[in-house]
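Taking it in order: structure first as C-alpha cells, then the write-up.
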C-alpha cells in the first residue's frame, strides 16, 4: 500500500500536496510519515467528536494547509517541503490559536496570518540553528503563538477564550495528592494527547499507534517519556490536577522522542542520557510555568525545545 | 553641492567629523546620507521649538557625538565609522534617556555612559550578527536603553520623568474608536516622526523629505508602512489614542524601509513580502507592549528589530 | 611543592581527581590553579564555622564533585576537564541551591540533578559560544539555577528557604546613605566574598590571597573592581544596605578579572576599557535586579556574564 501511495505522489500533484500536508502533521512528533500524520488528524477528529468542540479539528488542518501553501508560494527548498517541515508549525499555531482565542470572522484572518508567518519564522530559525547542526523543533510555533496571543491583549477585535489572567508567580500552592491506578493510566495517555492540546485517552492511544507505524522506538520513547514524567512530577510534589490532565507529560514525551531517536540503538548510556533530559524537561516545564505567569501566556512546547537543544548541542563532542 | 561637500570632507578633518555625525543621524532610518541626517536634526529642532521642550534637541546631538567620539577612540573600522554606523545608536540612546529620565547634573554623566556603551554593544552585536549576514539595526540602542532605564529604578540620583509604573499586562482595555480623516493624516505623519520619539506632523513631513533626498523608495516604503500600520491597528481594534499618536507606526515604518530597500525593484512578490513584515510588526508591537508592562520599560524599536531579523534571515535561501 | 604535586597528579588517579576538583573550585574566579581552589574552599569553610551555617560548606563540594564525575562519565574533552572547566558551574549550583532552598532528603537529589545538568548545559553553551571565540563564563550556572529555583515554586516537596516573593519592580525605594570608612572596607571585602554567596571580610581576604597565588593581576583587578563598584553605586544613589553587604560588588569583581586578565599588561587604554566594563556591570546589576523581581529569582552572576560578553566580543576587531 505504501508503494502505491508513493507512486501516486509522483504522478499526481494533488496527491503530492495531500502527502506533504500529512507529513507536516506527522512532523509535530518528528515523523516524516504520511500515515502517522493521518492518524494524528484522526485522533484530533475523534476528540472533537466526543468532546463536542470542533475548534481543533478545524484549526489544525487550516493552519497546516495555510503554512504549506505559504511555503510553496515562497519557493522554499523542495526536499524539506516534501518532508512536511513547513507544515507542522502552522498546524500547531492553528490549534493553539483555536483553543486560546474566541472564533469570529477576524479571528480566522488572524489565524491565517499566524500560520503563514510561522513559515517565515521557520526559515529564519533554520538559518540560525544550522550553524550548530541542531533542528529548530517546534520553536517557530512557540514564538509565533506567543506573539499572536500577547498581541491580542491589545486588540479589541480579537478575544481571549481560555487563558488565566496575568499574575505574579505563586509559590507552593500546588495540591499534591496521590493518583489512583486508573488516573495514572489516563495521565500517561493524556501526556501523549496533550502534544495536540487534547486530554483524551483514546486519542492518546491513537497517537501512540501513529508513532508505531512510523518507528517503534519513537512509540517506545513516547510511552517511557510520559510515564517517567508522571513519576518525577509526583515525586517532586507537583499539582495533582495538572499531572492528571497530562500537562506535565507532553513536553517530556517530545524530548524523549527527539533525543532517543537520534541514536540507532538504545544502549544503556543512551537510555540514561534520554532519561536525564526527560527529567530535566519536567523541571523546566515547572520553571517556565512560573516564569510566564506574569505574561499570562502558556508555555506550549518551550520546555521541550529548550531542553532538547541543551541535550543535542553537546552530542557533536560526546560519544555516548 | 554634494560634490563640493565630498571634497571638503577629504580636505578637512573637522568637516569629515561633522559629515560622520550627520551620516550617523541619517542611519537612524538606515540612510548613509549627511543631508538626510541634517534634515532629521532640523525636524527634531523644529519640534523642540514648537513644543517648548528642548530635551531631544540637546540629547540627540550629545548622544550622537559621544558615540562617534567613543568609536574613534576605540579605533573601529574606518569605513563603517564614516558611514555613520557608530553614531545612530548613541543618538537614539541620547534621545530616549532625555525623554524618560529627568535632567540633572548626574543625568548627563549617565547619558554619556549610555551613549558610549552603545558603541561597545554595537561592536559586540555586529560580531554575532555577521555570522548570518544580517545587520544589527537598532538592537544596540534598544538593549542599552533598557538596561539604563531598568538600572535607574535602583538609583536615587537618577529620576524617571515619564514612564508608567510597572504593572501586569491588562487585557482588552483598549478603547477602539474610528479616527476622522484629519486625525488619520496626523497619525500617519506622527508614525514617521515617532521614530525619533516625536509626535509632530511638520516634523513627520521633514523626515519624509529627508528620506526622499536619499532614496525615493525609502520614502515610499516609510509612507506605505505608516499607512498600512494604521489600517492594521484599526482593523484589529487597537487603542485609538495610541494609533492617533503614531505609536503603532514607527516600528512598521522602519521595517518597511529596512526590508523594502533590500531589493532593487518593488516587484509584486517583494511588495507582498514587505507588507507581511509590516503587518506582523504591528502585531509584535502590541505583543511587546504587553510583555514589557511588568518591567515598566517602553518597547522602543524592538518590534522593528525582531520582525526585520525574522524576514531578512530567510532571504539567503529564497528568491523572491 | 607545586612540582611534587604535579608529579603526584601524574602518578595517582586519586590525586588527579582531587586536583581536577580543586581547579574546578579555582575556575569560579577563572583561575586554573589547584591552590587557589583550595583557598576558596578554606574561605568557604571559615565562613561556615563563624556563621554557624554549614550549608555552603556542604553544598559547594557536593556540587563540585557531582559535576566533575558527570563530566568524566560523559567522556568530555580531557584537557578542559583537567583545567576544572566542568566543575565550577556545578559548585556554584550546589552553593546557590543550598542557600535558596531548604535542606531535606529530596533536596539533595534535586541538587545532584542540578549539578549534573550544569555539565550538559556547559557543553551546549561551549558549542555555541565557540562560534565567536568567547568563554561561557558562569552562564551554565546561572541558567541551571534559575530553572531549578523557578521549578521549585511548583514542587511541594522542595521548599524555598530565603528568597523574597515575586513582586513588580519598585522604583526609587532605595535608601541611599553614606557609609563610614569601616563599612566601606567591609563592603569592598564582602564584594569579593559574595562571589561565593558569602558576606565575610576574612573570607574576602582569603579569596584575594587565593587569587594572588595564581595571578597578581587577577587579585589587583578583583580589588579594583570591588572598590570601583562601590564608588559607582554610591554615586548613583544605590541602596546603602545592598552596597554594604557587597551585593553591588561580586559581578563587577568578576568582570574586572575576566576582561583585565585578557591582556598581558594593563596599559592605560586597557585600564579604561576594564573600568568602563566594571561601571556598566554595576548598572546592569541594578537593571537585572529590577527585571527579575516579578519572577522572584536572584540575578546571580548574570550581570558579569552579560557585560563581559559585550566587552569581549568587540576585541576580535579592536586593538586596544
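Coordinate-derived values only; no laboratory data. If you're wondering where the values come from, they're calculated on a predicted model, not measured in any experiment. Because the Cβ atoms are built from the backbone with ideal geometry, glycine has one as well, and the counts that use them run over all protein chains shown.
Using 7 Å Cα-to-Cβ label points, what is the residue B:271/residue C:32 separation (nm, one decimal)?
Calculated label separation equals 6.1 nm.
So for C:310, A:163, A:313, fewest C-beta neighbours within 10 Å to most, what's the order?
Ranking C:310, A:163, A:313 by Cβ neighbours within 10 Å, fewest first, gives A:163, A:313, C:310.
Who wins for biggest fluctuation among A:115, A:275, A:286 in a Gaussian network model of chain A, springs between alpha carbons below 10 Å?
Between A:115, A:275, A:286, it is A:286 that shows the largest mean-square fluctuation.
Under a GNM of chain C (C-alpha, springs under 10 Å), which listed residue has the highest mean-square fluctuation: C:134, C:305, C:120?
Judging by the Gaussian network model, the answer is C:134.
Can you give me the C-alpha center-to-center distance between segment A:110-139 and segment C:192-243, rounded to a whole angstrom?
Value for the Cα centre distance between the two parts: 44 Å.
If a paramagnetic tag sat 7 Å from the Cα of residue C:129 along the Cα-Cβ line, which residues of segment C:285-300 would have the backbone N under 17 Å from that point?
C:300
Once the label point is placed 7 Å from Cα along Cβ, list for residue A:202 the distances to the corresponding points in the other copies, in nm, shortest first.
For residue A:202, the other copies' label points sit at 7.2, 7.3 nm, shortest first.
Residue B:172 to residue A:162: FRET efficiency via 1/(1 + (r/R0)^6), r the Cβ-Cβ distance, R0 22 Å, to the nearest 0.05?
The pair residue B:172/residue A:162 has a calculated efficiency of 0.90.
For segment C:166-320, what class follows from the C-alpha gyration tensor (a ≥ b ≥ c being the square roots of its eigenvalues): rounded when a/c is under 1.5, otherwise prolate if a/b is larger than b/c, else oblate?
Oblate, because a/c is 1.5 or more while a/b does not exceed b/c.
Rounded, prolate or oblate: which fits the protein assembly as shown when a ≥ b ≥ c are the square roots of the eigenvalues of the alpha-carbon gyration tensor, with rounded for a/c under 1.5 and prolate only if a/b beats b/c?
Oblate, because a/c is 1.5 or more while a/b does not exceed b/c.
Say a paramagnetic label sat at a point 7 Å from the Cα of residue A:202, along Cα to Cβ; which residues of segment A:11-47 have their backbone N under 11 Å from it?
Counting only backbone N, you get A:43, A:45-47.
What whole number of Å gives the distance from the Cα centroid of segment A:142-157 to the Cα centroid of segment C:1-44?
Their Cα centres are 53 Å away from one another.
Taking chain C as a Gaussian network, Cα atoms linked when under 10 Å apart, which of C:118, C:251, C:12 shows the biggest mean-square fluctuation?
C:12
Rounded, prolate or oblate for chain A? Axes are the square roots of the Cα gyration tensor eigenvalues, ordered a ≥ b ≥ c, and the cut-off for rounded is a/c under 1.5.
Rounded, because the longest to shortest axis ratio a/c is under 1.5.
Inter-copy label distances at residue B:73, 7 Å along the Cα→beta-carbon direction, one decimal in nm, shortest first?
The answer, with the shortest distance listed first, is 5.1, 5.1 nm.
What whole-number distance in Å separates the alpha-carbon centres of segment C:297-315 and segment A:288-316?
22
State, to one decimal in nm, how far the label point of residue A:241 lies from the label point of residue B:17, with both points 7 Å from Cα in the Cβ direction.
6.8
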